[in-house]
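Q: My questions all concern the structure below.
What follows is calculated from the coordinates using simple rules that are stated; it is not laboratory data. Owing to the predicted nature of the structure, the values given are computational and were not obtained by experimental measurement. As a convention, Cβ positions derive from the backbone with ideal geometry for all residues, glycine included, and neighbour counts pool all protein chains shown.
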Amino acid sequence: MNTFFLVIGIGLCVLVFFVLYRVVFGPGVFNRIAAISAIGTKTLVIILIMGIIYNRIDMFVDISMVYALLNFIGTLAAAKYLEIGGEK
Amino acid sequence: MIRKTDDIIIRTVARILVPFIQIYALYVIMHGHYSPGGGFQGGVILGASIILLLITHGLVETTKKISERAIAIFSSIGVFIYAGIGVLCLLLYGNFLDYSKLSVILNVTPAEARSMGILGVEIGVSFTVMAIMISIFISISTTEDHSKYDKEHY
Amino acid sequence: MNAVSIVIAIFVVLFTVGGLFFFTTSTIGLLRFPDFFTRLHATGKGDTLAVLFSLIGIGIYEGLSLTGFKILLIAVFMFLAQPTATHAISKAGMRCGLQPWKKEDNRK
């Protein structure tokens, strides 16, 4: 079962690198924020899978929760900042 | 100056989520010795919940709940708890922050006194971190004296 | 391996592979769609469903415990938070004057 979760985790890491293309080259700041939010969502699952592989999921689940929380608040703050900047 | 969002979806979801985020922050502070977390991390989550309230409900509505004077008092109280526990250990013939000497006051064994002492220090750290994070956010997002804006739009 | 653990393993594999599949589709959408709103449409819905599937798979693997309850809590939180964040970004983009893509336009 550990090998199966390792394969899933490697697949998610490859997907993160594909999304990183949109962060670097994406036209405009909004595409970049959407891509960063998507990377945060994938990282949450990667942290949980790392916890299963290391057999310490009771530790990693707390980190994953905080990551989800800060990803949400960061996205909201960026959207709010750009909304005010767009009003001119 | 932080305006409040005119979007009802974001405001409602933030209002629903803030109490649960704060309860989770208290859990992180209290379980600092067994799981990842502790005073600093729990304080950051507490501060993040108030920052979520600030960016969705605006400055005026949030400072009705927790005013800037209260934030300044909280940051001082946290440092006072931390240094107070340290000096208390000094007064009981121990080193600074030597919690096992607190067993005389708390009437427990020295091992339990260590556990309780570090919990007290973590509570103090979390107060200070929360207050300083909120005050930094308010300081970098407001440039002038914000008491003279009209209360309707902000 | 007895019958119950085989059934549990089958469910874990089904849900986790389903999560990876939806993550892949949302990533393809983010890379290939022509403008901001369509890309957000792909990631906003695809990622929410994919996180839900992955967390259900990991939660079944973990079983009934405090950790399983926390994983369920993360799933509920993401189900509330992810659509809200997507809504906030898309509204900010609309306020900033991003135009939706029409069929005649070139890809940008």
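Q: If you check residue A:54 against the conditions, is it among the aromatic types (Phe, Trp, Tyr), in contact (Cβ under 8 Å) with a residue 12 or more places away in the chain and out of contact with any strand residue (DSSP E or B) (no Cβ under 6 Å at 6 or more places or on another chain)?
A: Considered against the rule, which asks whether it is among the aromatic types (Phe, Trp, Tyr), in contact (Cβ under 8 Å) with a residue 12 or more places away in the chain and out of contact with any strand residue (DSSP E or B) (no Cβ under 6 Å at 6 or more places or on another chain), residue A:54 comes out as no.
Q: For residue A:36, which of the numbered conditions (1) surrounded by fewer than 17 Cβ atoms within 10 Å (Cβ to Cβ); (2) under 22 Å from residue C:26 (Cβ atoms); (3) of a type in the set (Val, Ile, Thr) fails to hold?
A: The failed condition is (1).
Q: Being more than 15 Å from the chain's Cα centre (by Cα) and without any contact (Cβ under 8 Å) to a residue 12 or more places away in the chain is the filter here, so list the residues in segment B:21-36 that pass it.
A: B:31, B:34, B:35, B:36
Q: Also, quick follow-up: Going by what's in this entry, would residue B:35 be described as at negative phi, part of a loop (DSSP other than H, G, I, E, B) and within 14 Å of chain C (Cβ to nearest Cβ)?
A: On the way: at negative phi: yes; part of a loop (DSSP other than H, G, I, E, B): yes; within 14 Å of chain C (Cβ to nearest Cβ): yes.
So residue B:35 fits the description; yes.
Q: Is it the case that some residue within segment C:1-8 is within 11 Å of chain A (Cβ to nearest Cβ) and surrounded by 16 or more Cβ atoms within 10 Å (Cβ to Cβ)?
A: No, that holds for no residue.
Q: Which residues, counting only those in segment B:59-72, are within 10 Å of residue B:131 (Cβ to Cβ) and without any contact (Cβ under 8 Å) to a residue 40 or more places away in the chain?
A: B:70, the sole residue that qualifies.
Q: Another question, then. Among C:76, C:17, C:12, which is within 19 Å of residue A:44 (Cβ to Cβ), within 19 Å of the chain's Cα centre (by Cα), at the interface with chain A (Cβ under 10 Å from one of its Cβ atoms) and surrounded by fewer than 19 Cβ atoms within 10 Å (Cβ to Cβ)? First the steps, then the outcome.
A: Working: C:76 fails: at the interface with chain A (Cβ under 10 Å from one of its Cβ atoms); C:12 fails: surrounded by fewer than 19 Cβ atoms within 10 Å (Cβ to Cβ).
One residue alone meets the criteria, C:17.
Q: Another question, then. Determine which member of the set C:27, C:86 is of a type in the set (S, T, N, Q), within 21 Å of residue A:80 (Cβ to Cβ) and facing chain A (nearest Cβ under 8 Å).
A: Result of the check over C:27, C:86: C:86.
Q: Condition check: in contact with a Phe, Trp or Tyr (Cβ under 6 Å, 6 or more places away or on another chain) and not β-branched (Val, Ile, Thr). Does residue A:51 satisfy that?
A: Criteria met by residue A:51.
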